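Everything below concerns the one structure shown next.
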Amino acid sequence: MSGSIPFYQKHHRHYDRGYRSRETESAISQYQQSSSTYSSHSSKSEGGASPLPKRAKPTYLAMDKENQIIGYVVPIFREYHKRLNEDSLMHTPEFVIKPRSHTVWEKQCVRLHCTISGWPEPRVVWYKNNVSIDPMAKPGKYKVESSYSVHSLEINKCDFDDTAQYRVSAMNSKGETSAFASVVVKTPCLEYGVKFETHIVEKFGVSFGREGETLSFGCSVIIYPSLQRFQPEIEWYRDNKLLVQSKWVQMHWSGDRATLTLSHLNKEDEGLYTLRVITKSGFETHSAYVFVRDADAEVAGAPGAPLDVQSLDANKDYVIVTWKQPAVDGGSPILGYFVDRCEVGMTHWFQCNDTPVKFARFPVTGLVEGRSYVFRVRAVNKVGMSHPSRVSEPVAAMDPADRTRKGTSAPWTGQIIVTEEEPVEGVVPGRPRDLSVIEATKNYVVLSWKPPGDKGHEGVMYYVEKCVSGTDSWQRVNTEIPVKSPRFALFDLAEGKSYRFRVRCCNSAGVGEPSEPTEATTVGDKLDIPSAPGRVVPTRNTDTSVVVSWEASRAAKELVGYYIESSIAGRNTWEPCNNKPVKGTRFICHGLTTEESYVFRVRAVNAAGISDFSQESEAIKVKAAIGKSFMPSPTPPYGITVLECVRDSMVLAWKQPTFIGGADITGYFIDYREVIGGVPGKWHEANIKSVSERAYRVSELKENMLYQFQVRAANMAGVGIPSLPSETFKCEEWTIAVPGPPHDLQVQEVRKDSLVLLWKAPVYQGRDPVNGYYIDIKEAEADFEMWRGVNEKATNKTFMKVCIHGESYVFRVRAQNKAGVGKASDPTEPVEAVTKPGTAEIVVNVDDDGVISLNFECSNLTADSKFVWSKNYKEMTEPERMTLETKGTIFKTPSEEDLGIYSCFVTHTDGASASYTLSEETLKELLKISHDHKFPIIPLKTELAVELLEKGRVRFWLQAEKISANGKIEYVFNDNVIHQGEKYKMNFDKNTGVIEMFMESLGKEDEGTFTFQLQDGKATNQSSLVLIGDVFKQLQKESEFQKKEWIRKQGPHFVEYLGYEVTPECCVRLKCKVANMKKDSVALWYKDGREIKVNEKLDFSEGVLTLEITQISKKDAGIYEVVLKDDRGKDTSTLNLTDQANSSTQLKIQSTEEGIRLYTFVNYYNDELHFPSSVENKPNS
């Protein structure tokens, strides 16, 4: 195939399957070459791995004398004789496991250890505060050990002077590297009985950096009292995740200042950084955000680098690499991503995929067992390639069972130790187990299985086979080399096709039986790109920042986070506010220009891709908010009640504030205080994180104590003032048998004659589960005794439609169980029975596409209003069977599962709400209408018919009852479309709806089915006519006859063919009726082929030609023929007068005295008498 090569293939070495196979073969050949020399070397090494005894189950972990893992064993056999190429293994030292910081008490011992790879073997030196440690200078204080790649420093009987930063340095001929760890020694006697006060001063603020730069920030810390040799614990967090010392992160504590240094910034470093200073008396924190912008691209317009590259599900020769998409695409869509790999200790990167992958997850296969790898990812668009991402953490290609067999105390070193094994007589392995498809995209499918129970006497490898669904033709996928891991990724599958897969085990003894095949799997992305986030609301914060909130993306699966962009209003130049996806639906955008107006938009991200942008927000001017916010906070909640009480906790409920402020309530905060002797104590927070429900369990209370509670509501403007203190409640366990009170009563759909009451089940169920509810009603101004029941029989639902009539009412609900009816809920606020102006109902609609939807219009919407849809009065947040839109809900595939009551409530209004009951009868009617709209039919007046015209022409026709001028007709014969031409003539009269098709004649090839297919917009119809067998032959015969008749009538022709009559005079008159005669036309008479000379001139004025035969006798019998002809043609008519001429009357019957009489009269000519005679023939009676 010719064509230009994409730019990203011109300068990169592609790592296709063939290349992977060649590299694997090269690695195997190196192992084969190293056997003879390495066997003698390993026998001399101390602590080396011993050969396994015959038929013993092999272990692939090499251990030293202390049973510590020092490497990974790759078995080879004695027939391999060449040595490994040592030059190819030389690389700079690298920390596979770095030393970890420790905090210990005085007189304790501490041990720092690390694992270092490198060739030649590196020299390792330990430092304390950058001064090398000499164990011989202080005998017994320090102990330095090195065992293969594991190095350790042990400090004996630590004292306060051992608090320091320790560094380990590794060096060989290829280079040098270092790692750090801190040791903090605490002195218990100094801290005992002392209360510390901690103050963080000179705080770091919001910081901005760029990829590749180094960023440092910190705080000064003042601790009172200042005790000599006392040091606090210093912890740094990024997005609430504890940071550890690494080559990217360095932490320093000088005694009064904590500093964090981020080397070679990457977008992974972006986030909220928190310094936590910990003492015995508690801790103090300070937080600020760090933003990391993309480095300048090598090519203008290239995308930003991907981020957060991770290696998952590592196995012997397989690993899944994941990453996050960048916020910056360079101005053109990202075409996909390239994944690169590099072996630990090497510097050469190999590209793993030939073409860009759009899915942010990719399986890398073809790894060499026992080696460690790091990965990076690059993004590409039509302009160019991004910078590579930060490399992932190293991952070893090894069996997970081997990695975890010794626990985390035995780190993986990345070293390969080659041993030799005696070949043994093997056993063919059994079937693999539990084969399944664990991931499927349009680019690849990943299989997973478990090894067979019967593996034989050696390790097994696997062959993978595929088969197109519906067939039984199995094809081996990895024909060259079997895989070692119980995972496999299949590429080059046809998108949209369905496949089945199975796996076979193999070893030196042979190939085993296949596993059970998987279910049919269709190749395609199973994860959809998220929908665009909803409404974006900016809020003033400071002179250089704005708080941006938005509605979450609906039905988003495996959501990674959101990207926010800003633009100065009117410029349409968008800049990213964050370069690392943020979770949640609120973000503070920093670095904005004071007094400038900005608009914002948001996108959602998951592994499938990045969503469309949300709608732009309204413009907001950047300046500090007045007070807390320009929006008011909510008023206090009220009506605090207890729903359940046990020995050490109470469940509270309360009512929503009467005014929620300028934005939706985001949560509630609850405080409590003890009441002792009637004197309230100090308020304490019951919850640190806000709760969204209007019910909460306050825990860790004291039994039999009295408590009061208060609740505060919060929105984007802040936390409102607290409610009035509640009544005093005693914390004692409820033991009553009946249920507690229902709670959270709400009233919706208020009309002049009805309303809907909603409530929530009681928290305290009583001795038995709740089995029903009773609703009580009374006029708002009526006395307590006027409560009356609405329902005589308990309802098991948590809603009820109540009929009312023109008054103001209050309601309450009581729950019952087997033991009886429980305490009533708090009553609702008074509700006036009136239908407010502009009240609308839910309308069901079926559009032209047959889509059934429920729609609700609200006339008094506000900017913050939202439509909340419910089914059976339970909110539908992410319904599977419906699509929620702003003002309506759309049924995807309506069925009986969708029957129920659908309601809609509009927030930030005066209670606008309505409901619609979808019954079985209504659903059937809607489905019929939907089908008619989805598949409309063009009505026909007549079905397709056929008729013969003159000249033998055949006309096929039908008439549509109604069809527009845009209607289209398709003519089909035997499933083949036919078109206007010599054989077929088509006509469509759009005024009358008559559709015709003409054929000059019918041939044998025209036998079959004729169909007219009509289309008018979405409406369709068709009509068919079958012409086969005798029906077709009869029509064809008539057509040919009509054609011949037409040709005959073009010249002189007979209208009535030759016939005869007998006159009373016993003459026979031959006559025929002719037409289209002219002066030159002649008529010739023939008898038995001889022309008859007619004495008189023929006259055609009457159009009748006659010939009289007088005195007829037997000699006049014969075949008579008349020929008409002129220059236009001729016509012939023949009459056989051999036995036909007679002059008898019809046979008659008569009844007489003698019997029945049959008779007739015959006229005949007698030659002898020369005159006619009349004879009556009479039979004997």
Inset, instruction - For residue 530, state whether it is touching a residue at least 40 places away in the same chain (Cβ under 8 Å), touching a strand residue (DSSP E or B) at 6+ places or on another chain (Cβ under 6 Å) and outside any strand (DSSP E or B). - result: yes
Legend entry - the stretch 341-366 - residue that is more than 27 Å from residue 264 (Cβ to Cβ) and out of contact with any Lys or Arg (no Cβ under 6 Å at 6 or more places or on another chain) and, of those, most open to solvent (accessible area, probe 1.4 Å): 358
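Determine if the stretch 758-772 includes at least one residue that is surrounded by 13 or more Cβ atoms within 10 Å (Cβ to Cβ), in a strand (DSSP E or B), of a type in the set (D, E, K, R) and at pLDDT 90 or above. Lay out the reasoning, then the answer.
As a first pass, look at the stretch 758-772 and keep what is surrounded by 13 or more Cβ atoms within 10 Å (Cβ to Cβ): 758-768, 770, 772.
In the following step, the residues that additionally are in a strand (DSSP E or B) were identified as 758-760, 772.
Keeping just the survivors that are of a type in the set (D, E, K, R) gives 760.
Still in the running and at pLDDT 90 or above: 760.
Checked against the condition, which is being surrounded by 13 or more Cβ atoms within 10 Å (Cβ to Cβ), in a strand (DSSP E or B), of a type in the set (D, E, K, R) and at pLDDT 90 or above, the stretch 758-772 yields at least one hit.
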Inset, instruction - Report yes if some residue within the stretch 584-603 is over 30 Å from residue 708 (Cβ atoms), of a type in the set (A, V, I, L, M) and open to solvent by 50 Å² or more (accessible area, probe 1.4 Å); otherwise report no. - result: yes
Inset, instruction - Kindly check whether there is at least one residue in the stretch 859-868 that is β-branched (Val, Ile, Thr), surrounded by 13 or more Cβ atoms within 10 Å (Cβ to Cβ) and at pLDDT 85 or above. - result: yes
Legend entry - Filter pass, residue 121 being part of a strand (DSSP E or B), farther than 30 Å from residue 296 by Cβ and out of contact with any Leu (no Cβ under 7 Å at 6 or more places or on another chain): no
Legend entry - Residue that is among the charged types (D, E, K, R) and open to solvent by less than 30 Å² (accessible area, probe 1.4 Å), where the choices are 565, 558: 565
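Could you list all residues from the stretch 279-293 that are within 24 Å of residue 184 (Cα to Cα) and open to solvent by less than 60 Å² (accessible area, probe 1.4 Å)?
Within the stretch 279-293, 279, 281, 282, 286, 287 meet the criteria.
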Inset, instruction - Consider only pairs whose beta carbons are under 8 Å apart and that are at least six residues apart or on different chains; among these, list those whose first residue lies in the stretch 805-817 and is open to solvent by 10 Å² or more (accessible area, probe 1.4 Å) and whose second residue is of a type in the set (Gly, Ala, Ser) and not in a loop (DSSP other than H, G, I, E, B). - result: 816/772
Legend entry - Residues of the stretch 791-814 classified as in a loop (DSSP other than H, G, I, E, B) and farther than 15 Å from residue 835 by Cα, total: 7
Legend entry - Filter result for the condition that a residue is among the hydroxyl-bearing types (Ser, Thr, Tyr), open to solvent by 20 Å² or more (accessible area, probe 1.4 Å) and modelled with pLDDT of 85 or more, over 392, 436, 386: 436
Legend entry - strands (runs of 3 or more DSSP E) enclosed by the stretch 907-973 - at least 2 residues per element that are surrounded by 15 or more Cβ atoms within 10 Å (Cβ to Cβ) and out of contact with any Phe, Trp or Tyr (no Cβ under 8 Å at 6 or more places or on another chain): 940-948, 954-960
Inset, instruction - Report yes if some residue within the stretch 138-147 is part of a strand (DSSP E or B), at negative phi and touching a residue at least 60 places away in the same chain (Cβ under 8 Å); otherwise report no. - result: yes
Legend entry - Residue list for the stretch 439-483, restricted to those being in contact with a Leu (Cβ under 9 Å, 6 or more places away or on another chain) and open to solvent by 30 Å² or more (accessible area, probe 1.4 Å): 442, 443, 450, 466, 477
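Residue 1002 - would you say it is open to solvent by less than 20 Å² (accessible area, probe 1.4 Å) and more than 50 Å from the chain's Cα centre (by Cα)? It would help to see each step written out before you state the result.
Numbers: open to solvent by less than 20 Å² (accessible area, probe 1.4 Å): yes; more than 50 Å from the chain's Cα centre (by Cα): yes.
For residue 1002, the condition - open to solvent by less than 20 Å² (accessible area, probe 1.4 Å) and more than 50 Å from the chain's Cα centre (by Cα) - is met.
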Inset, instruction - Looking only at the stretch 856-869, decide whether some residue is of a type in the set (Asp, Glu), over 16 Å from residue 758 (Cβ atoms) and in contact (Cβ under 8 Å) with a residue 12 or more places away in the chain. - result: yes
Inset, instruction - Search the stretch 215-232 for residues that are under 16 Å from residue 273 (Cα atoms) and modelled with pLDDT of 85 or more and pair each with any residue that is open to solvent by 30 Å² or more (accessible area, probe 1.4 Å) and not in a strand (DSSP E or B) when their beta-carbon atoms are under 7 Å apart and the residues are at least 6 apart or on different chains. - result: 219/202; 219/203; 220/202; 220/256
Inset, instruction - Kindly indicate which of 305, 258 is closer than 25 Å to residue 580 by Cα, at pLDDT 90 or above, touching a strand residue (DSSP E or B) at 6+ places or on another chain (Cβ under 9 Å) and not basic (Lys, Arg). - result: 305
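The values are calculated or read from the model by the stated rules, or taken from the named source; none is laboratory data. All figures in this text were calculated on a predicted structure; none of them were measured in a lab. Every residue, glycine as well, gets a Cβ built from its backbone with ideal geometry; the counts of neighbours run over all protein chains shown. Areas reflect the complete protein model, heavy atoms only, side chains present, ligands, DNA and RNA absent. Shrake-Rupley method; radii C 1.70, N 1.55, O 1.52, S 1.80 Å.
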